[in-house]
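The structure appears below as structure tokens.
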Amino acid sequence: MRRGRGYTLAESLVAMVLLAVGLLGAASAVLQALRHERVAADRAAAVRTAESLAEELRLAARPDGRALLSVTGVTPAVACADHAPSCAAETSAAAALADAEAVIRRALPSPARLQVRVPAAEHPSYRIEIRWPDGGLEPARIVLAAGP
């Protein structure tokens, strides 16, 4: 008896299983690449926002050379109570902070958080920290030290 020239059922099933495993591996690699792209885009948005805020703080310097306290959440009126000519700078800094918070709400996954700290009120230096969830156990974050 002569054997046929086609594939057996077992050979066809093995080929289909190998093809399915290969396609699942490729799909997993594509999904991982998309996740990494999203994480990189989030990090880039956070860095751009922090750098922009740092530049705004450099431009809105107080005339007396002290740190802008309104970026820490203090109202501009309270922040400039000790030096009236600084009120315009404090108001500018508060507006820059509000703009940066709005950008973060639009660009990063919720609940993203922006925090600005002033190490010493006598010196215009700032620590800008942005945190956001990135799907890992710990939230992603960037920290930028800014000063004159």
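The values are calculated or read from the model by the stated rules, or taken from the named source; none is laboratory data. If you're wondering where the values come from, they're calculated on a predicted model, not measured in any experiment. Neighbour counts are summed over all protein chains in view; Cβ atoms, including those assigned to glycine, are modelled from backbone coordinates with ideal geometry. With ligands, DNA and RNA removed, areas are computed over all heavy atoms of the protein, side chains included. Shrake-Rupley method; radii C 1.70, N 1.55, O 1.52, S 1.80 Å.
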Failed condition for Arg48, given (1) in contact with a strand residue (DSSP E or B) (Cβ under 7 Å, 6 or more places away or on another chain); (2) assigned to a helix (DSSP H, G or I)
(1)
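Got a sec? Which of Arg113, Arg35, Arg48 is over 18 Å from Ala145 (Cα atoms) and of a type in the set (Lys, Arg)?
From the options Arg113, Arg35, Arg48, the qualifying one is Arg35.
Here's a check for you: in segment 93-118, which residue that is part of a loop (DSSP other than H, G, I, E, B) and open to solvent by 60 Å² or more (accessible area, probe 1.4 Å) is modelled with the lowest pLDDT?
If we take residues in segment 93-118 being part of a loop (DSSP other than H, G, I, E, B) and open to solvent by 60 Å² or more (accessible area, probe 1.4 Å), then Ser110 is modelled with the lowest pLDDT.
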State yes or no: is Asp82 open to solvent by 70 Å² or more (accessible area, probe 1.4 Å), in a loop (DSSP other than H, G, I, E, B) and of a type in the set (D, E, K, R)?
yes
Failed condition for Ala67, given (1) among the small types (Gly, Ala, Ser); (2) in a loop (DSSP other than H, G, I, E, B); (3) over 29 Å from Val143 (Cα atoms); (4) open to solvent by less than 70 Å² (accessible area, probe 1.4 Å)
(3)
With criteria (1) surrounded by 18 or more Cβ atoms within 10 Å (Cβ to Cβ); (2) in contact with a Leu (Cβ under 9 Å, 6 or more places away or on another chain); (3) over 14 Å from Ser52 (Cα atoms), Ala121 comes up short on (1)
Six or more apart or on different chains, Cβ under 6 Å: which pairs go from a residue in segment 19-47 that's closer than 23 Å to Ile142 by Cβ and of a type outside the set (D, E, K, R) to one that's open to solvent by less than 50 Å² (accessible area, probe 1.4 Å) and assigned to a helix (DSSP H, G or I)? Could you list them?
Ala45/Ala107
Would you confirm, using the coordinates I've provided, whether Ala88 is under 20 Å from Ile128 (Cβ atoms), open to solvent by 10 Å² or more (accessible area, probe 1.4 Å) and part of a helix (DSSP H, G or I)?
no
